Amino acid sequence: MEDIQFENLYKQYKNRIIAYISKRISSQEDAEELTGDIFLNLYKNRGSYEKEKSSMETWIFAITNNRLKNYYRDRKDEILTNSVEIYESSCEISVEKEVFQRQMKEDISWALQRLSERERKILVKKYYQGKGAREIAEEMQITEGNVRVIAKRSLDKLKRIINERLGGNNV
């Protein structure tokens, strides 16, 4: 097949192949890229076409269908690979997160033990039990303002203790 014949073949079948592929895949960009791949394949294998075996159109669409099969297989592998990578990544993240949270709880528990009983009670009531300053003040028989001041100072002290334990990294 001469180059001029191939050019005519391209003009004759290009839009039909794009339309055929577009009906089978969702991406127009991929359809055009596959069409280019198909014509490149046709050009490279133009010497293998045998008139006696099939018509030119049958040969072209056989190559088109083979390329589509490869496309589906490649996409399936890509989707599977991406899914596995996402799953593995999420597992690693959740394990790392769990380890981090466990370590953080241990650090906070250790640091809370370094506070006075009064400081510890106020922080536990405020941050773990979700109580407000008024409720804490009534329970501990101190003023609301005092609860707020002690909570703020205790929290700052807690941060310093944890920072020292972590080697100076800011919390």
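Computed from the coordinates by the stated procedures, all read-outs in this text should not be read as laboratory data. Everything quoted here is computed from the prediction, not taken from an experiment. Quick reminder, even Gly has a Cβ in these numbers, built from the backbone with ideal geometry, and neighbours come from all protein chains shown.
Placing a label point 7 Å from the Cα of Gln5 along the Cα-to-Cβ direction, the residues of the range 47-79 whose backbone N falls under 16 Å from that point are 47-60. The mean of 1/r over all distinct Cα pairs in the chain, once inverted, gives the Kirkwood hydrodynamic radius of 22.8 Å. Shown here for the range 13-73: GluC sites (Glu not before Pro) in loop regions (DSSP other than H, G, I, E, B) with at most 12 other Cβ atoms within 10 Å, namely Glu50, Glu52. Counted without the sites themselves, the longest stretch of the chain free of trypsin sites (Lys or Arg not before Pro) in a DSSP loop having at most 10 other beta carbon atoms within 10 Å is 54-171.
Electrostatic tally near Glu32: other residues with Cβ closer than 15 Å to its Cβ, Lys and Arg +1, Asp and Glu -1, net +1.
Taking the chain as a Gaussian network of alpha-carbon nodes connected by springs under 10 Å, the highest mean-square fluctuation of the residues Glu135, Glu119, Glu106 belongs to Glu135. Using a cut-off of 13 Å between beta-carbons, work out the net charge of the residues near Glu7 (Lys and Arg +1, Asp and Glu -1, Glu7 not included). Once positives and negatives cancel, what remains is +1.
Per residue, the average separation of C-alpha pairs within less than 8 Å and at least 6 apart gives the range 3-85 a relative contact order of 27 percent. Label the range 1-43 by shape, choosing from rounded, prolate and oblate, from the square roots a ≥ b ≥ c of the eigenvalues of the Cα gyration tensor; if a/c is under 1.5 it is rounded, and otherwise prolate applies when a/b is larger than b/c, oblate when it is not. Prolate, since a/c reaches 1.5 and a/b exceeds b/c.
When its C-alpha radius of gyration is set against 2.2 N^0.38 Å (N residues), the range 105-144 gives a value of 1.20.
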